[in-house]
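Have a look at the structure below, then the notes.
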Amino acid sequence: MIILSRVGWKIDRFFYPEREFISKRVREELMGTTTILDVGCSDGRESFLRDVRFLGRITGVEAYIPAAKKALESKAYHKVIVGDISKLWKKFKDNSFDAVVSFDVIEHLDKTQGWELIKQAQRIARRKVIILTPNGYISQDDKHTEINPWNKHRSGWFAKDFNAAGFACIGAGGLKFLRREEGYIRFSPKTIWLVVANVSQFFFSRMPALSFHLLAVKSTL
């Protein structure tokens, strides 16, 4: 069973290297931090912080109650605060965490709420703010909002938005043109074009405006 698990991990690593690429960058950026606020942590299973194997104290914020309960049960978080983050900012004091991270969350807020997230994250973080989001507006199938209404995509974000706020952006996921809504590969045969998209990630990581995902990072020191 362990052997099959390892084989599955290696296959997944080969066909979907974006996650490992992002996790590596997040790990590097979080070096030296001991406390993190994870905004929109969901159930914690897909958090990049699990890949990073962060050993410090992590506080999660999640609006969807069933996901928040699972996040707490996962033991990955020391504390999980349930509620709409746009209504919870006052709970956090200035410079109260070493880092504030938010993975694939800001696109679920409208633009005004998104800018407030960026502003408040910088206020709360002593050292670093890390935000991951698709490059531009990416539609989300209605099936994702039937159970969890927070899953709806409400805005699109570009490298120029983050650059204007003083963030540096890294591209991930390969050339954006190769993917369509929800990140699915646009062309057939899918397997071949998935490999092409994955390979293109290493060429376009320094050209975030052309990449599918944006990893925006800002030092608040």
Task: Distance violations [Cα-Cα > 18 Å] among K70/K111; K93/K119; K24/K218; K75/K119; K93/K160 - done: K70/K111; K75/K119; K93/K160
- [ ] Run the numbers on region 104-185 and let me know its relative contact order in percent, using alpha-carbon pairs under 8 Å that are six or more apart.
- [x] 33
Task: Local net charge near D110, Cβ-Cβ under 11 Å (Lys/Arg +1, Asp/Glu -1) - done: +1
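So what is the diffusion coefficient of the chain in µm² per second by Stokes-Einstein at 25 °C and 0.890 mPa s, using a Kirkwood Rh over Cα pairs?
137
Using a 1.4 angstrom probe on heavy atoms only, work out the carbon and sulfur share of the accessible area of the chain in %. Provide the component values of the computation, followed by the final result.
On the way: 7090 of 12190 Å².
Exposed carbon and sulfur together represent 58 percent of the surface.
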- [ ] From the P(r) of region 33-129, can you give the percent of Cα pairs sitting at distances over 21 Å?
- [x] 24
TODO: Among DSSP beta bridges lying fully in region 96-219, give the percent that are antiparallel, nearest 5.
DONE: 65
Task: trypsin sites (Lys or Arg not before Pro) lying in DSSP loop within region 37-88, provided at most 14 other Cβ fall within 10 Å - done: R45, R53, K75
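Considering only DSSP beta bridges where both residues belong to the chain, give the percentage that are antiparallel (nearest 5).
40
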- [ ] Measure off 7 Å from each Cα along the Cα-to-Cβ vector at Y137 and K152, then give the distance between these two points in nanometres to one decimal.
- [x] 1.3
Open item on the list: Among I106, W157, S47, whose Cα projects farthest towards the positive end of the dipole of the chain, with charges put on the beta-carbon of Lys, Arg (+1) and Asp, Glu (-1)?
Closed with: S47
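The values are calculated or read from the model by the stated rules, or taken from the named source; none is laboratory data. These figures come from a predicted structure and were not determined experimentally. Heads up, the Cβs are rebuilt from the backbone with ideal geometry, glycines too, and the neighbour counts pull from every protein chain shown. Accessible surface is based on the protein model in full, side chains and every heavy atom, while ligands, DNA and RNA are left aside. Shrake-Rupley method; radii C 1.70, N 1.55, O 1.52, S 1.80 Å.
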